[in-house]
Amino acid sequence: MSTAHIVSAFDRDLESAQALVMRMGGLVETALLDAAEALDTRDEELAQKVRTGDAAIDALEEEIHSQCARLLALRGPTAGDLRTVLTVMRIAGALERSGDYAKNLAKRTTVLGQMTQVPGASGAIRRLAKAVVQMLADALDAYIRRDVKLAGDVRQRDREIDQMYNSIFREFLTHMMEDPRNIGPCMHLHFIAKNIERVGDHATAVAEQVIYLVTGEMPGDERPKFDATATGG
C-alpha cells in the first residue's frame, strides 16, 4: 500500500508539472502571435502587453523547475519516470527562451513605428510567426500524446522555417540596396525574423525531447537545417 501511495503521489505531482508546461506553452504561443500582430498593425499597447506578460512565463518556468526538483529529491523516480521529469524541465527551458524572443520582438515595435515602413515586411514576419507557432503547438501536442511520428514531422518542418527565414532575409537585402532609408528598419526586422527562426529551433528541440522520452534515445541523424544566410548563399 505504501508503494502504491508513493506512485500515486508521484503521478499527481508529475501531472501538475505537465499541466504547467501546457499552460506555459499556451502563453508563449499567444505572446508570439500577439507580438507579430503588434508589429504588423503598429499596436504599441499590444506590444506592451507582450512585454509585461513575459513575467508570467518566467514564473511558470520557475514553478515547473521547483516541482521537478522536489520530484527528484523526494520521489526517487525510476528510469522511465526520470526521463519524463528531465523532459519536462527541458521543455520548460525551451518555452522560456521562446517567450524571451517574443518579448524581444515586441520591444522593437516602438522603434519600428518611428521608422520608414518596409513594404510587405511585417506581413511576411507575421506569416513566419504563425508557421513557427504551429510547429511549437504540434511539438507540445506530440509530447502530450507521446507521438513520435508527429514529433518527427515537427523536426523535419524546421527546414521549411529556415527557407521562409532565408527568403525574408533576401527581401530585406533587396530593400536595403534599393533605398538606404530602409537599412535601419530592415536591420531591426532581420533581428526579429532571426528571433522567430530561433523559436523554430526550440520547437524542434521540444520535438526531439519527445523522441527521447518515448524511445530513450535522442535522434541519431543531424537536425535538418537550411540557413543560407550563414554562408551567404
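Every read-out reported here was derived from the displayed coordinates using simple, explicitly stated rules and does not represent laboratory data. Note that the coordinates shown come from a computational prediction; the quantities given were computed from them, not determined experimentally. Quick reminder, even Gly has a Cβ in these numbers, built from the backbone with ideal geometry, and neighbours come from all protein chains shown.
What stretch of the chain, leaving out the sites themselves, is the longest with no GluC sites (Glu not before Pro) in a DSSP loop having at most 14 other Cβ atoms within 10 Å? Longest stretch, sites excluded: 1-216.
Springs between Cα atoms under 10 Å define the GNM used for the chain, and in it the highest mean-square fluctuation of 122, 98, 16 occurs at 16. Sorted into 5 angstrom bins from 0, the C-alpha pair distances of region 46-111 split as 3, 18, 21, 16, 13, 10, 8, 6, 3, 1, 0 percent.
Computed over the chain, the Cα gyration tensor eigenvalues convert (square root of 5λ each) into semi-axes of 38, 20, 11 Å, ordered from largest to smallest. Restricting attention to the chain, lysine pairs at least eight places apart or on different chains and with alpha-carbon atoms under 21 angstrom apart total 11.
Computed from point charges on the beta carbon alone (+1 for Lys and Arg, -1 for Asp and Glu), the dipole magnitude for the chain about its Cα centre is near 80 Debye.
Rg over Rh for region 1-126 works out to 1.18, both radii taken from alpha-carbon positions and Rh defined as the Kirkwood radius. Here region 1-116 is treated with +1 on each Lys and Arg Cβ and -1 on each Asp and Glu Cβ, and its dipole about the Cα centre works out to around 300 debye.
Each part reduced to its alpha carbon centroid, region 116-194 and region 5-53 end up 20 Å apart. Computed over region 132-194, the P(r) tail beyond 13 angstrom holds 67 percent of alpha carbon pairs.
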